Amino acid sequence: MSLLKKQAKLLAGRLGETLFPRVVEEIETGQHSGRDLRLKRAILYARSQRAKKQGDDQTSQNTLHQFWKTDTGNDFYMLYGHRFQDWFLGPHLKLVDQIEDYMQDNSIDQMIEVGCGDGRVLEYCAKRLTGIKRFTGLDINPMIIDANKTRYADNHALNFVSENAQDWVPENTGPGTLLFTYGGVLEYFSQRGLNRLFQRHTQQHGSVIALVEPLDPEHDLQNDPDSHIFGQENSFSHNYKRILEKFDYHVRFEEEHQMGPIRWIMMMATNSKPRNT
Ligand SMILES: C[S@@+](CC[C@H](N)C(=O)[O-])C[C@H]1O[C@@H](n2cnc3c(N)ncnc32)[C@H](O)[C@@H]1O
């Protein structure tokens, strides 16, 4: 986005916030009316810019969650469906290989995919990771979850829930649970939010976290343990290894790679120590 466009969007957002309380209410209550999408996006943009300037990570996170919960996030699933074929079945499939290797010696009872989107990654994992009994796709966007319930109605291995992961995961994790995210999901949590998401899960015996997330190209993971806002979406770049190690998790697999402008990290970490350490 050019500087001029950014400024126009910011102005439209600021004005929209004051002049259209009904639109603000739709954003805050996560309504999918399909109306005023551009205005809603401009308001969210103005809010996230303000939160970033004020260093208010809680509001930054809320704004990101509101974007995905409201109809402002719906287009994504149509526009970026190719990611499954080109990215997940491409360079990111290595992460599933790692989970499969881990399962040679360890059992996983359930897999929770946070931010499952259109459910294709979860469907693939259910076909391949046959030792896992339950597969839950969780997404804050109710529209995509409704679509998944219809699309996968005949696949009884899959279960879909529309909730904010921050509330749902701590209540529903348990021993032998794999928490999985693909394609940029944890980037919508602040560092505090991530700690809250991980806290209870990481205490579970035999629990696992596997993720594929984007990072700020400038984030120096060797020397900087903190999370930062980055990119056009004002999302968060996290130092996953440092965060997981604080929870006494053991990183078993870690790999970074660049795809176009995106710096990706893949990681798998477990509550149990790998045998050879
Ligand atoms: C960039 S999309 C990735 C979707 C999918 N994993 C893929 O790669 O196609 C991010 C997804 O995370 C979901 N999401 C964002 N914040 C969430 C939260 N707090 N709880 C559950 N889902 C969330 C969004 O609704 C969206 O579907």
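The values are calculated or read from the model by the stated rules, or taken from the named source; none is laboratory data. Computed from a predicted model, the values in this text were never measured in an experiment. Cβ coordinates were reconstructed from backbone atoms using ideal geometry, including for glycine residues, and neighbour counts include every protein chain displayed. Side chains are part of the model used for accessible areas, which takes the heavy atoms of the whole protein and leaves out ligands, DNA and RNA. Shrake-Rupley method; radii C 1.70, N 1.55, O 1.52, S 1.80 Å.
Read through the list (1) within 23 Å of TYR77 (Cβ to Cβ); (2) at pLDDT 95 or above, then give the number of the only condition that ARG192 fails.
Checking ARG192 against (1) within 23 Å of TYR77 (Cβ to Cβ); (2) at pLDDT 95 or above, the one that fails is (1).
Is there any pair with a first residue in region 33-62 that is open to solvent by 50 Å² or more (accessible area, probe 1.4 Å) and a second that is hydroxyl-bearing (Ser, Thr, Tyr) and assigned to a helix (DSSP H, G or I) whose Cβ atoms are under 7 Å apart and which are 6 or more apart or on different chains, and what are they?
Hits for this filter: ARG41/THR72; LYS52/SER60.
Pairs under 6 Å by beta carbon, first residue near the ligand (Cβ under 10 Å from one of its atoms) and of a type outside the set (A, V, I, L, M) in region 77-95, partner in a helix (DSSP H, G or I) and open to solvent by less than 40 Å² (accessible area, probe 1.4 Å), six or more apart or different chains?
Taking only residues 6 or more apart or on different chains, the pairs are TYR77/ILE144; PHE88/VAL121.
For ASP118, only one of the following conditions fails: (1) among the charged types (D, E, K, R); (2) on the phi > 0 side of the Ramachandran plot; (3) within 10 Å of the ligand (Cβ to nearest atom). What is its number?
Unmet condition: (2).
Just give me the residues in region 1-40 being within 17 Å of GLU233 (Cα to Cα) and in a loop (DSSP other than H, G, I, E, B), in sequence order.
Correct list: MET1, SER2.
Condition check: within 27 Å of MET78 (Cα to Cα), touching a residue at least 12 places away in the same chain (Cβ under 8 Å) and in a loop (DSSP other than H, G, I, E, B). Does GLY206 satisfy that?
no
Which of the following residues is open to solvent by less than 30 Å² (accessible area, probe 1.4 Å) and either β-branched (Val, Ile, Thr) or within 9 Å of the ligand (Cβ to nearest atom) (or both): GLU113, GLU163?
Among GLU113, GLU163, only GLU113 is open to solvent by less than 30 Å² (accessible area, probe 1.4 Å) and either β-branched (Val, Ile, Thr) or within 9 Å of the ligand (Cβ to nearest atom) (or both).
Between a first residue in region 177-190 that is more than 13 Å from TRP264 (Cα to Cα) and of a type in the set (Gly, Ala, Ser) and a second residue that is near the ligand (Cβ under 6 Å from one of its atoms) and modelled with pLDDT of 95 or more, which pairs have beta carbons less than 7 Å apart while being 6 or more apart in sequence or on different chains?
Filtered contacts from region 177-190: no entries.
The rows are residues; the columns are (1) closer than 25 Å to HIS82 by Cα; (2) open to solvent by 10 Å² or more (accessible area, probe 1.4 Å); (3) not in a strand (DSSP E or B).
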{"position": "ILE99", "(1), (2), (3)": "yes, no, yes"}
{"position": "MET103", "(1), (2), (3)": "no, yes, yes"}
{"position": "ILE108", "(1), (2), (3)": "no, no, yes"}
{"position": "ASP118", "(1), (2), (3)": "yes, yes, yes"}
{"position": "LYS127", "(1), (2), (3)": "yes, yes, yes"}
{"position": "LYS149", "(1), (2), (3)": "yes, yes, yes"}
{"position": "THR181", "(1), (2), (3)": "yes, no, no"}
{"position": "GLY193", "(1), (2), (3)": "no, no, yes"}
{"position": "LEU197", "(1), (2), (3)": "no, no, yes"}
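Please indicate, with yes or no, whether at least one residue in region 238-245 is buried (at least 21 other Cβ atoms within 10 Å of the Cβ) and assigned to a loop (DSSP other than H, G, I, E, B).
Checking region 238-245: at least one residue is buried (at least 21 other Cβ atoms within 10 Å of the Cβ) and assigned to a loop (DSSP other than H, G, I, E, B).
Against the conditions (1) in a strand (DSSP E or B); (2) within 14 Å of the ligand (Cβ to nearest atom); (3) open to solvent by 10 Å² or more (accessible area, probe 1.4 Å); (4) not aliphatic (A, V, I, L, M), where does GLY137 fall short? Just the number, please.
Looking at each condition in turn, GLY137 falls short on (3).
Counting only residues that are of a type in the set (A, V, I, L, M) and buried (at least 17 other Cβ atoms within 10 Å of the Cβ), which one in region 257-277 is nearest to GLN203 (Cα to Cα)?
Here the answer is ALA269.
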